[in-house]
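Take a look at the structure below.
The values are calculated or read from the model by the stated rules, or taken from the named source; none is laboratory data. Note that the coordinates shown come from a computational prediction; the quantities given were computed from them, not determined experimentally. FYI the Cβ positions are ideal-geometry reconstructions off the backbone, even for glycines, and counts take in every protein chain you see. These area figures cover heavy atoms from the full protein model, side chains too; ligands, DNA and RNA do not enter into them. Shrake-Rupley method; radii C 1.70, N 1.55, O 1.52, S 1.80 Å.
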Amino acid sequence: RAVLCISGGLPKPTNITFLSINMRNILQWSPPEGLQGAEVTYTVQYFIYGQKKWLNKSECRNINRTCCDLSVETSDYEHQYYAKVKAIWETNCSKWVETGRFYPFLETQIGPPGIALSTDEKSISIVLTAPEKWKRNPEDSSVSMQQIYSNLKYNVSIYNTKSNKTWSQCVTNHTLVLGWLEPDTLYCVHVLSLAPGPPRLAQPSEKQCVRTLKDQTSALK
Amino acid sequence: GLRRCLISMDIHHIEEAFQEIKKTIQAKDTFQNVTILSTSETLHSIKPLDVCCMTKNLLAFYVDKVFKDHRELNPQILRKISSIANSFLYMQKALQQCQEQMQCHCRDEATNATRIIHDNYDQLEVRSAAIKSLGELDVFLAWIDKNHQGTSA
């Protein structure tokens with residue numbers, strides 16, 4: 001049931017934005033200033049650019065938390081969206097505060113790929129697995145971000161712990177062999193996914209390390 | 001021969017130029033319930049065979065209509081828009097060669113899709129239509145990026 005309140009009686013929430021990673025789209029905001037301790041609740045609506053009206057998100061009506069998962073409502077990533085939130089406390093509520101236009105296809109952060117490392121004396125093989133798109137239910141079939149961005153690239157950074165040197169390579173395929181390495185040396189790798197379009201935030205993978213094998217020829221002497 | 005005529009240029013500096021003015025431009029577009037390009041039935045239904053013609057038509061739409069109809073007071077934004085417009089002129093020249101080699105054939109699908117876009121534009125007051133079309137440049141650039149992948153850096 002919509003709560004009747006005096007609009008503008010409260011300051012607006014601030015810093016409203018979409019946090020989007022692999023098409024999981026979370027609306028988040030900061031509480032209005034000056035209301036510490038007050039039991040403020042929030043109500044969210046969203047709008048599909050080009051459509052006719054604002055739509056309610058029933059799970060985000062009169063909520064205490066300062067975030068709302070709009071992944072389902074914004075799952076058509078080739079459309080664009082707006083969202084807005086207002087604060088409510090007792091019989092007062094703020095005016096709406098609105099996001100800019102949100103375009104998941106160009107703005108979602110691409111998560112890191114999966115990384116599998118194997119090694120011999122002088123080389124390391126790296127096998128990358130593209131990150132998966134957010135899915136509504138765990139049992140839904142998986143969609144790789146590669147299927148959305150066919151020209152997905154990866155920036156692979158390699159760190160030689162002995163020489164303290166780091167170098168990186170930009171690859172498009174999913175297997176990479178690093179050759180001419182030093183035997184019996186610990187190398188650490190982390191990878192960043194790069195999607196086409198304007199620059200966007202990206203999440204580097206966890207660092208993974210592997211030691212090249214001892215040089216067998218010197219071992220036999 | 002080439003199934004479609006690819007633009008061999010780097011889209012990224014256009015995307016970066018637009019990225020810097022996008023929030024300001026889109027904030028001026030107050031008609032959220034209307035789109036010019038963004039009806040996904042229009043651009044996303046374009047087949048590879050029609051990519052060249054559609055690209056040519058949309059470049060002309062922006063160069064001959066949108067950039068001309070738009071009035072901009074902010075010098076920084078104006079500079080970015082001019083840079084984008086110049087890049088579009090360059091892309092038009094690049095496509096001209098395809099035209100001469102008859103690889104940029106326009107079928108009904110591309111012609112109809114172009115007409116929808118012009119109709120959407122003409123339904124709005126001209127300044128509002130221009131600002132809305134500018135605000136949707138990211139849609140056009142993403143479409144170019146996706147359909148002219150063979151050549152972008």
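Side notes on the structure shown:
- Legend: calculated FRET efficiency, A:Glu39 to A:Ser141, from the Cβ-Cβ distance at R0 = 30 Å, rounded to 0.05, equals 0.10.
- Highest-MSF residue in chain B out of B:Asp119, B:Asp69, B:Asp50 [GNM, Cα springs under 10 Å]: B:Asp119
- For a 4.7 Å threshold on C-beta separation, the list of partnerless cysteines in chain A reads A:Cys67, A:Cys170.
- Dividing the summed helix terms, -39500 (n - 2.57) for each DSSP H run of n ≥ 4, by the number of residues in the protein assembly as shown produces a 222 nm estimate of -8500 deg cm²/dmol to the nearest 500.
- Rolling a 1.4 Å probe over the heavy atoms of the protein chains gives the stretch B:12-147 an accessible area of 46 Å² per residue.
- Distance in nm between pseudo-label sites at B:Val126 and A:Leu117 (7 Å out along the Cβ direction from Cα): 6.3 nm
- Lysines whose Cα lies under 16 Å from that of A:Lys86, excluding same-chain neighbours fewer than 8 positions away: A:Lys12, A:Lys57, A:Lys95
- FRET efficiency, A:Leu19 to A:Thr217 (Cβ-Cβ, R0 51 Å, nearest 0.05): 0.45
- Relative contact order (%) - criterion: Cα under 8 Å, at least six apart; region: the stretch A:17-103: 32 percent
- Measuring only protein heavy atoms, the 1.4 Å probe finds A:Asp184 accessible over about 60 Å².
- Of the listed residues A:Asp69, B:Asp138, the order by accessible area with a 1.4 Å probe, largest first, is A:Asp69, B:Asp138.
- Packing-based order for A:118-130, A:134-146, using average beta carbon neighbours within 10 Å, highest first: A:118-130, A:134-146
- Pairwise label distance in nanometres, A:Ser168 with B:Leu89, each label 7 Å out on the Cα-Cβ vector: 3.6 nm
- Dipole-positive endmost among A:Gly9, B:Val66, A:Leu27 within the protein assembly as shown (Cβ charges, Cα centre): A:Gly9
- For chain B, with +1 on Lys and Arg beta carbons and -1 on Asp and Glu, the positive-most of B:Tyr121, B:Phe18, B:Ser82 along the dipole: B:Ser82
- In the elastic network of chain A, a GNM with C-alpha springs shorter than 10 Å, the most mobile of A:Phe102, A:Phe18, A:Phe47 is A:Phe47.
- Normalised by 2.2 N^0.38 Å, where N is the number of residues, the alpha-carbon radius of gyration of the stretch B:12-147 equals 1.01.
- Cα pair count fraction exceeding 35 Å, expressed as % - the protein assembly as shown: 40 percent
- Order of exposure, largest accessible area first, which applies to B:Lys80, A:Lys84 with probe 1.4 Å: B:Lys80, A:Lys84
- Inter-label distance for B:His118 and A:Thr175, nm, one decimal - labels placed 7 Å from Cα along Cα-to-Cβ: 5.2 nm
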